[in-house]
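For reference, the structure is listed below as structure tokens.
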Amino acid sequence: MYISHKEELSLDAQLKKYAIRSFRGFNSVLVFGLGRRLVIFDYLADQKEKIKIVDKITKVSFNFDDITRDLKLDPNYFEGWLHMALESGIFELDESYERSVKTTPFIFDILIDKSGDFYIGNLIA
């Protein structure tokens, strides 16, 4: 396997890579802060409580229309927030239901489940 060192070590390439990673991290914190203030993450934690727990829950799925109706959110603004959350890797599309989204692996444990051992939401906030 041949790797071009000229491309990998150029200052422009390294700055671009760092800037994109930094923006993605900032985007995640921004999405989490907005989602927390809009009580979206609390809503998802409450969804866990409604389900009779048979096994450990690691992902939560939600329907776009249900969450905007239940939390009385403007669909346009919620869709914009959701696109940012999808881009930052907090959520992914859930193809098992129409217009549904689910948390990515470990996001439920670290950002939603406040009673869990791995919850870091307060630290990020």
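Nothing in this text is a laboratory measurement; each read-out follows from the coordinates by a stated rule. These numbers were taken from a predicted model, which means no experiment stands behind them. We place every Cβ from the backbone using ideal geometry, glycine too, and count neighbours over all the protein chains shown.
What distance in nm separates the simple spin-label points at Tyr119 and Ser61, each placed 7 Å from Cα in the Cβ direction?
Those two pseudo-labels are separated by 2.5 nm.
Using only C-alpha atoms and all pairs of different ones, pull out the Kirkwood radius for segment 62-109 in Å with one decimal.
11.1 Å
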